[in-house]
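First the structure, in the form of structure tokens, and then the observations on it.
The values are calculated or read from the model by the stated rules, or taken from the named source; none is laboratory data. Remember, predicted model here, so these are calculated numbers, not experimental data. Cβ placement follows ideal geometry from the backbone for every residue including glycine, while neighbour counts extend to all protein chains displayed.
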């Protein structure tokens with residue numbers, strides 16, 4: 001993996017989109033991408049979200065292959081009772097698929113996206129949480145995406161479904177690529 005890049009994003013209270021907002025275009029396929037995020041940066045008071053929308057998935061990070069509502073892979077999250085739940089959020093040929101990756105109350109959530117050949121990626125999640133002064137690691141592989149285009153763009157943090165951010169968020173994503 002190459003050097004770690006720390007990218008800071010801000011989502012203002014009452015907004016959906018993070019800043020900086022300009023897209024980062026990519027041309028080609030990465031062999032591997034790893035990201036880490038502090039779980040504490042993602043916690044919010046879900047009491048400010050209508051009950052029917054509590055489990056709407058916010059988007060943390062991802063990339064498209066062509067247009068993102070056609071083919072893309074994102075990591076999503078929502079918060080309930082102080083616990084952050086993570087999801088793979090995938091569009092494949094215009095159809096949306098959602099798969100739970102895990103959850104954590106504190107610590108670091110890590111995600112590894114690996115190119116497997118033939119246009120296929122696999123996503124593995126690693127939750128690193130301190131519990132009784134021991135690190136707990138959970139590794140699970142869940143999703144694959146078949147890329148069709150030679151270009152796309154990186155997808156940045158976005159709050160919603162249909163609700164806006166209940167507070168100001170400052171999210172730092174640590175990214176490594178190969």
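Conditions (1) out of contact with any strand residue (DSSP E or B) (no Cβ under 7 Å at 6 or more places or on another chain); (2) in a strand (DSSP E or B); (3) surrounded by fewer than 22 Cβ atoms within 10 Å (Cβ to Cβ), marked per residue:
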position	(1), (2), (3)
62	no, yes, no
66	no, no, yes
70	no, no, yes
75	no, yes, no
79	yes, yes, yes
84	no, yes, no
87	no, yes, no
97	no, yes, yes
113	no, yes, no
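For the stretch 143-153, filtering for residues that are surrounded by 16 or more Cβ atoms within 10 Å (Cβ to Cβ) and either modelled with pLDDT of 85 or more or within 12 Å of residue 66 (Cβ to Cβ) (or both) leaves 4.
Residue count for the stretch 12-44 under the criterion of being modelled with pLDDT of 80 or more, surrounded by 13 or more Cβ atoms within 10 Å (Cβ to Cβ) and closer than 14 Å to residue 155 by Cα: the result is 6.
For the stretch 93-107, the condition holds for no residue, the condition being that it is modelled with pLDDT under 75, more than 16 Å from the chain's Cα centre (by Cα) and over 25 Å from residue 54 (Cα atoms).
Do we find a residue being closer than 20 Å to residue 94 by Cα and more than 14 Å from the chain's Cα centre (by Cα) anywhere in the stretch 53-66? Yes, the stretch 53-66 contains a residue that is closer than 20 Å to residue 94 by Cα and more than 14 Å from the chain's Cα centre (by Cα).
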